[in-house]
Amino acid sequence: MSYPTLLSPIRIGAHTLRNRVVMGSMHTRLEYAPDAQRREIAFYAERARGGVAMIVSAGHSPNDEGPMEAGSHALATRAAALAHRPLTDAVHAHGAKMLLQILHAGAYAKHDRAVSPSGVRSPINPRTPRALAAADIERTLDDFVRCATLAREGGYDGVEVMGSEGYLITEFTSPRTNRRDDEWGGSLENRCRFAVEIVRRVRAALGPDFLIAYRMSAVDLVEDGLTGAEIDHLACAIEAAGADMLNTGIGWHEARIPTIAYHVPRGGFRYAIARLKRAVNIPVAASNRINTPELAEEILAAGEADLVSMARPMLADPHFVNKARDGRADEINTCIACNQACLDNIFSERAATCLVNPKAARETEFDDTPPTTKKRVAVIGAGPAGLACAITAAARGHAVELFESDSALGGQLELARRIPGKYEFAELLRYFRRQVERNGITVHLDTRADAQRIAHGGYDRIVVATGIVARTPDIEGIDHPKVVSYADVVMRRAKAGHRVAVIGTGGIGFDVAELLLELDVADLLIDEYEPPTPEEFFDEWGVDPAIATPGGLRAPVLPKSPRSVILMQRAHSRPGARLGTSTGWILREKLKRRHLRTLTGVTYRRIDDAGLHYSVDGEERVLEVDTIVVCAGQESSQGLARELTQAGLAFDVIGGARVASELNAVRAIDEGTRLAYRL
């Protein structure tokens, strides 16, 4: 085995797990979807079939005060518990264990019944929770025990008590949110009492064979959070109360430090998990930004943890474990931590899925029965839409030829992976290229597929995925030598001076700004770019890896920028309004620290040797800059589609070639995958 520790069994309490991989809990919002139970069974069963040792369910509230929002998962009745049996049976049928996560949202709850230890409002929730009275606390403890008892009736092997990331239990442990002066507040021991009592009472009620995991924040990353010594105290108390293992979270949801986005170095918080493991004698699971079996094995082999808990990597590839076990790790569809289709969907009240795997949480929408007729398929364009279509069609048995006018596969993904904050997109390209190879797709690079060639190819289906072309704004002097396209800057075909104006404040404009403000030289090759080390990340964001301070925080080291950059737009709206819900704030904060300027309500006049002439509210101005980068949107590349139409050929159009506005990789890959299933 290439990963001897990762794939070895481990004893947790009275249970033996077949390997060290836990599928961590995640919100999916599948409970709101039509045919919710069938979809959840298909989702979890596929991950169990893929080889994980244990699955932790989405969070279930123990009472009507604890759900994240109205209608989200709760478990408070025997009838509800018995309804879980088909799910746990399906998971057990594939050899995996399953825990029910008990999650009381506390001050994070998005409804009017929210409660917390002291009525302290969270900065990420406009609702002010009601402070729990002593009698309410006792009732809530009973509710946790009842929920755990019902979980056993529902067929679960145990429960995970959610005591991390700012939810109710965490709110008791921290002076940030616990202002009580009774037996549930004040001293550290009193603040930990609520957490300890939950574990103690669940163990007393359910006996030694029921698995109890406790999830705790290995570092809080908020002001007035716990110090490392206080975290150790809590962990030891939880162990003494009867927990079989500790799972870990990082930070609170309101922390102003990234914890799971692609800006975080892989394994960046392993220092906190390693510290926690040294404090206790029960198994500890590592989490957060662990997305490859190599990194997981490294952490386990170093003795920094006993298990790894991965949630989003199981969205990206449900067969992560089986592929690692079978020597096919290079075929794993790696989580790139983009959050675009998982967390961003959740925050916009849509069911989660995955950018790199559109079948995630949509399993029932895809019929994997092989097609009865195998076809010859031409896919023109090897960007994300074309690649997704080509590899899916080939995997289903069709003979696929892929045409690309550039010298490499990838399209817009080639640009994305060259942005400093998006280095993980290289993993998606690696996966696509490996799938092209293993599925025997015939590739024609540096080839413009015209209608005549396609017409004589004898294809049963033609797919146009020619992508987009950059829009050129109508500005006098737009052809001046100072003006360069974003693609030329990102691909290092053009250098940018020290004073740069960027026309356009969409996602591409912000990406270009990040590139220009972070890299010292514009022609730096991507292979030479190294992602930030954990130490560099800690410096920039103010993280104390010793956790000697409350919350594990320290003063950040402000970065120096090699350029002066200003983002400009015609509209008066907020720049970057469409940046990712869960990642946009990170990028804005990074660029703010690098002194990015933005200007709205701009009317562009002309470009000449003096610079960029413009006006705001009728006032004429000139911006003396060395370089002007155009990021003014894109248009569909439909030349081939018009040729095919004129030639009378039938074809399908996907991705940017179909609609350029609001194009992103989520839509492109989804369209390509779904079309391949319809061929």
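The values are calculated or read from the model by the stated rules, or taken from the named source; none is laboratory data. This is a predicted model, so every value here is computed, not measured. Quick reminder, even Gly has a Cβ in these numbers, built from the backbone with ideal geometry, and neighbours come from all protein chains shown. Note: areas computed on protein heavy atoms with side chains; ligands, DNA, RNA excluded. Shrake-Rupley method; radii C 1.70, N 1.55, O 1.52, S 1.80 Å.
Only one of the numbered conditions (1) open to solvent by 20 Å² or more (accessible area, probe 1.4 Å); (2) closer than 25 Å to Glu589 by Cα is not met by Ile478, and that is (2).
Looking at Arg312, is it in contact with a Cys (Cβ under 8 Å, 6 or more places away or on another chain), surrounded by 20 or more Cβ atoms within 10 Å (Cβ to Cβ) and basic (Lys, Arg)? Spelling it out, Arg312 is indeed in contact with a Cys (Cβ under 8 Å, 6 or more places away or on another chain), surrounded by 20 or more Cβ atoms within 10 Å (Cβ to Cβ) and basic (Lys, Arg). What number of residues within the stretch 321-363 are surrounded by 15 or more Cβ atoms within 10 Å (Cβ to Cβ) and over 29 Å from Leu579 (Cβ atoms)? Count: 8. Restricted to the stretch 1-45, and to residues there that are farther than 30 Å from Ala351 by Cα and of a type in the set (Ser, Thr, Tyr), the residue that is surrounded by the most Cβ atoms within 10 Å (Cβ to Cβ) is Tyr3.
Of all residues in the stretch 153-180, none that is at pLDDT below 95 has its Cβ atom under 7 Å from the Cβ atom of a residue that is open to solvent by 10 Å² or more (accessible area, probe 1.4 Å), 6 or more apart or on another chain.
Which of the residues belonging to the stretch 631-679 are under 27 Å from the mean Cα position of the chain (by Cα) and among the charged types (D, E, K, R)?
Across the stretch 631-679, the qualifying residues are Arg658, Glu662, Arg667, Asp670, Glu671, Arg674.
Quick check: is even one residue across the stretch 348-365 touching a residue at least 24 places away in the same chain (Cβ under 8 Å) and in a helix (DSSP H, G or I)? Yes; the residues of the stretch 348-365 include at least one that is touching a residue at least 24 places away in the same chain (Cβ under 8 Å) and in a helix (DSSP H, G or I). Number of residues in the stretch 181-218 that are outside any loop (DSSP other than H, G, I, E, B), within 28 Å of Ile547 (Cβ to Cβ) and open to solvent by 50 Å² or more (accessible area, probe 1.4 Å) equals 3. Might you let me know whether the stretch 101-111 holds any residue that is over 30 Å from Arg20 (Cα atoms) and hydrophobic (A, V, I, L, M, F, W, C)? Yes: the stretch 101-111 contains one or more residues that are over 30 Å from Arg20 (Cα atoms) and hydrophobic (A, V, I, L, M, F, W, C). Report, by residue number, each residue of the stretch 118-140 that is touching a Ser or Thr at 6+ places or on another chain (Cβ under 6 Å) and surrounded by 24 or more Cβ atoms within 10 Å (Cβ to Cβ). Answer for the stretch 118-140, where residues must be touching a Ser or Thr at 6+ places or on another chain (Cβ under 6 Å) and surrounded by 24 or more Cβ atoms within 10 Å (Cβ to Cβ): just Pro129.
Acidic (Asp, Glu) and either at positive phi or open to solvent by less than 20 Å² (accessible area, probe 1.4 Å) (or both): does that describe Asp617?
Answer is yes for this residue.
Scanning the stretch 392-439 for residues that are within 18 Å of Ile332 (Cα to Cα), open to solvent by 30 Å² or more (accessible area, probe 1.4 Å) and acidic (Asp, Glu) gives Glu427, Glu437. Against the test of being under 30 Å from Gly584 (Cβ atoms) and either aromatic (Phe, Trp, Tyr) or touching a residue at least 24 places away in the same chain (Cβ under 8 Å) (or both), the options Ala470, Ala449 yield a single qualifying residue, Ala470.
The combined condition, being among the β-branched types (Val, Ile, Thr), open to solvent by less than 10 Å² (accessible area, probe 1.4 Å) and under 22 Å from Leu150 (Cβ atoms), is fulfilled by Ile55.
Might you let me know whether the stretch 296-310 holds any residue that is out of contact with any Lys or Arg (no Cβ under 8 Å at 6 or more places or on another chain), under 17 Å from Asn339 (Cβ atoms), of a type outside the set (Val, Ile, Thr) and outside any loop (DSSP other than H, G, I, E, B)?
Checking the stretch 296-310: at least one residue is out of contact with any Lys or Arg (no Cβ under 8 Å at 6 or more places or on another chain), under 17 Å from Asn339 (Cβ atoms), of a type outside the set (Val, Ile, Thr) and outside any loop (DSSP other than H, G, I, E, B).
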